[in-house]
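The values are calculated or read from the model by the stated rules, or taken from the named source; none is laboratory data. All figures in this text were calculated on a predicted structure; none of them were measured in a lab. Glycine gets a Cβ as well: all are built from the backbone with ideal geometry, and neighbour counts include every protein chain shown.
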Amino acid sequence: MACTDSFILPTFRRSFLSLSLVFIISAFSCSCRASQVPVSVTVQQGDVSGTVVQDNFLGISFELYPFNTLWGESPQQMPTAMENYLSNLRARIESPLRIRIGGNSMDSAIYVPTQTEMIIVTGDPAAAPDDVPVDFGPMLFKVLDAMENVVGQMEFIVGLSMRNSNYTNAIEVASDTRKMLGYRLDAMLLGNEPDLYATNGVHPGYTIQEYITDIGEMLQDLRNSPYGDLVLDTIVGGPTICCDWNLSDVLSAGLSKYPYEYYTVQHYAKSICSGPNASNENITYFVSHVNVPAYTNWQKQGVQMANDARIPVLVTEYNTVSCGGSNVSDTFAATLWAIDAGLNYASSGMSGAYLHTREYGILYNLFDPPSPETSIEPNWRTGSPYYAALFLSETFMAGGSIVVDLNLDNSIYDPAATVAGYALYDRAGMKAKRLVFFNYYRADDPGSESAVRNFTLEGGLATTAGVRVLAAPNIYERTDISWAGQTVGLNGELDGTQTTEYYYDCAMGCNITVPGPGAALVLLDDAPDDSAFFFGSSTVAPLS
């Protein structure tokens, strides 16, 4: 049957900073061009409980070692591309943008207060690529402040090393961090992945109980430092474990008796630390929603203990494949997975999650300069995970959201499901305000549904809906990715016309169309003249 009643109308929203095409499409016309097997969407209204997450749920985690090649050597040498990359995210939220500086290189680093350079590499990066030894100086904090002045309000998490039982250097870091960052400092994390200290030879045979003893001593030293009480307020976090310990065991062993602002964990879906294999190069793992809840709930008992104690849990590093990523880490499959995982973390009791990025050439990076030596120039490479950050920065609501996995097509339990979805409720859990739909279509899978899928909203859910789409030609795509009609340019700027689809006549139900592969952010009861989407340009440093 031919579709004859659809039409496209360019509209101009009030206070536009740039032109935006808005496609106004009837529910009937959308259903004509989608799969004949619609996905039924049932959304509970009222009495929904869960962790309330803020609009800055998604943060970015930076490894210390290459930080100067990404943010610049000084406030006068900050790459305009990084200014734009961060501004794109900051402009889409009301709360401060969350930034973490840490990783193994932070835990092994030496702070030199008199050092004028931001970072000096003191060892061979090739000898230990996942733990490069560096010295760093106060220029790090000056650049953090300067970037915030350009991009907008940020809040920073900074790591303190626990590898040396003499905490004198960590105390110097804490003192200068507090003094130079001021209100911008969100937390200081004590140690990084102490559960691997034994495995990595840092402290042979290191146990949870030894760790708890060390934490007590470190906190005591921070309280009685030559610079005064550096933890007078609740500003520390940890244990920042990843692999060999459970959060519940660490809390039960005694961490829960200390005043912590956050409990922190880190988690990657796969590992390539021992080399490539069929598991870490399996792209189908990352386009099956059934794998996501198992991944995000690996610390379920500890998260529940933290929630009961009203202490937020942060995932301070997450990404596809640890130790640098595999050949799937820079694909569109990784983009979709990072969004799905982020939303599932939010639905599983976490209060924040940070996508991790490292030095030049790492496959899971969000962005790379032309080379480590030429970061102030344009021609940056945008990694596919950056589009996940863009999507998520526009997804969570100011004022708080409760996120619920809708289990569409039994996708939590059925490996054959090719769709997934979430509802975002107001902080009271009374009304669904936003929806997210995934179409995990694979052209090379003969069992896949049609590339385009309809998600059928039930009547009474909303009268209208505004929709923005994330799309790529296939799950293997690395560069031809778009969010709301825009792609990221060579200097971190968003190129193209920002597009939003508006669906009318949804009072009795309507079909939301999602291309395959792709994802859609749906704002219920949204309209062109009163939209909650971000409109306009977020570029702060255009190319001249």
Candidates Val158, Val173, Val150, filtered to the one that is out of contact with any Gly (no Cβ under 8 Å at 6 or more places or on another chain), at pLDDT 95 or above and under 27 Å from Cys323 (Cβ atoms): Val173
Scan Pro133, Pro194 and give me the residue that is buried (at least 24 other Cβ atoms within 10 Å of the Cβ) and more than 15 Å from Ile60 (Cβ to Cβ). Pro194
Helices (runs of 4 or more DSSP H) wholly inside the range 41-125 containing at least 2 residues that are under 21 Å from Gly238 (Cα atoms) and of a type in the set (S, T, N, Q): 104-108
Identify the single condition in (1) in a helix (DSSP H, G or I); (2) at positive phi that Gly205 does not satisfy, given that it satisfies every other one. (1)
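Conditions (1) in a helix (DSSP H, G or I); (2) assigned by TED's automatic domain parsing to the domain that holds Glu317; (3) within 30 Å of Leu89 (Cα to Cα); (4) touching a helix residue (DSSP H, G or I) at 6+ places or on another chain (Cβ under 8 Å), marked per residue:
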| position | (1), (2), (3), (4) |
| --- | --- |
| Asp131 | no, yes, yes, yes |
| Glu155 | no, yes, yes, yes |
| Tyr183 | yes, yes, yes, no |
| Ala187 | no, yes, yes, no |
How many residues does the range 138-151 contain that are touching a strand residue (DSSP E or B) at 6+ places or on another chain (Cβ under 7 Å) and either surrounded by fewer than 21 Cβ atoms within 10 Å (Cβ to Cβ) or free of Cβ contacts under 8 Å to residues at least 12 places away in the same chain (or both)? 1
Considering only the range 274-284, I want to know if a residue exists there that is in contact (Cβ under 8 Å) with a residue 24 or more places away in the chain, buried (at least 21 other Cβ atoms within 10 Å of the Cβ), in contact with a Leu (Cβ under 9 Å, 6 or more places away or on another chain) and not aromatic (Phe, Trp, Tyr). no
Does Thr479 satisfy the condition of being closer than 24 Å to Val287 by Cα, assigned by TED's automatic domain parsing to the domain that holds Thr42, within 27 Å of the chain's Cα centre (by Cα) and not in a loop (DSSP other than H, G, I, E, B)? no
Please pick out the residue among Gly349, Gly361 that is more than 13 Å from the chain's Cα centre (by Cα), under 14 Å from Val265 (Cβ atoms) and part of a loop (DSSP other than H, G, I, E, B). Gly349
For the subset of the range 497-526 comprising residues that are farther than 7 Å from Gly466 by Cα and in contact with a Cys (Cβ under 6 Å, 6 or more places away or on another chain), which member is surrounded by the most Cβ atoms within 10 Å (Cβ to Cβ)? Thr513
Residue, nearest to Val41 (Cα to Cα), within the range 487-519, restricted to residues that are under 21 Å from the mean Cα position of the chain (by Cα) and not in a loop (DSSP other than H, G, I, E, B): Ala519
In the set Pro370, Pro378, which member is surrounded by fewer than 24 Cβ atoms within 10 Å (Cβ to Cβ), assigned to a loop (DSSP other than H, G, I, E, B), of a type outside the set (Ser, Thr, Tyr) and in contact (Cβ under 8 Å) with a residue 60 or more places away in the chain? Pro378
Name the residue, out of Val522, Val469, that is touching a Lys or Arg at 6+ places or on another chain (Cβ under 7 Å) and assigned to a strand (DSSP E or B). Val522
What number of residues in the range 381-392 are within 19 Å of Phe535 (Cα to Cα) and surrounded by fewer than 24 Cβ atoms within 10 Å (Cβ to Cβ)? 0
Top-ranked residue in the range 490-511 [being free of Cβ contacts under 8 Å to residues at least 60 places away in the same chain and among the small types (Gly, Ala, Ser); ranked as nearest to Leu336 (Cα to Cα)]: Gly496
